[in-house]
1. Using Cα-only point scatterers and the Debye equation, what is log10 of I(q)/I(0) for the chain at each q in 0.13, 0.19, 0.21, 0.29 Å⁻¹, rounded to two decimals?
2. With all protein chains present, how much of the accessible area of the chain (probe radius 1.4 Å) comes from carbon and sulfur, to the nearest whole percent?
3. Over the chain, calculate the relative contact order: mean separation of alpha carbon pairs under 8 Å at least 6 apart, over the residue count, as a percent.
Amino acid sequence: MAEGLRLYAGTHEGLFVYRSTGAGWEEASRAFDGAIIDSIVGSSDHPERVLVGVTHDGLFQTKDAGA
């Protein structure tokens, strides 16, 4: 598995971002605490761009992988 690969998990408690390491996965960041995440989409051409749909709050975008 490529080191630095990111996994975005949308839940009813917010958005969780995990990063792969040589030893497994570690939490990289968290966003929208307590919000319901409806959808997540990324770009294969620009993996640092991610769009997240949040119930009752709208659509959000990051251009730096959530940093």
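1. The Debye formula, applied to the Cα set alone, gives -0.34, -0.71, -0.85, -1.32.
2. Numbers: 2330 of 4560 Å².
So the carbon and sulfur contribution to the accessible surface is 51 percent.
3. Values: 133 pairs, mean separation 14.9, N = 67.
For the chain, the relative contact order is 22 percent.
The values are calculated or read from the model by the stated rules, or taken from the named source; none is laboratory data. Quick caveat, the model's predicted, so the values are computed rather than measured. What goes into the accessible areas is simple: the full protein's heavy atoms, side chains included, and nothing from ligands, DNA or RNA. Shrake-Rupley method; radii C 1.70, N 1.55, O 1.52, S 1.80 Å.
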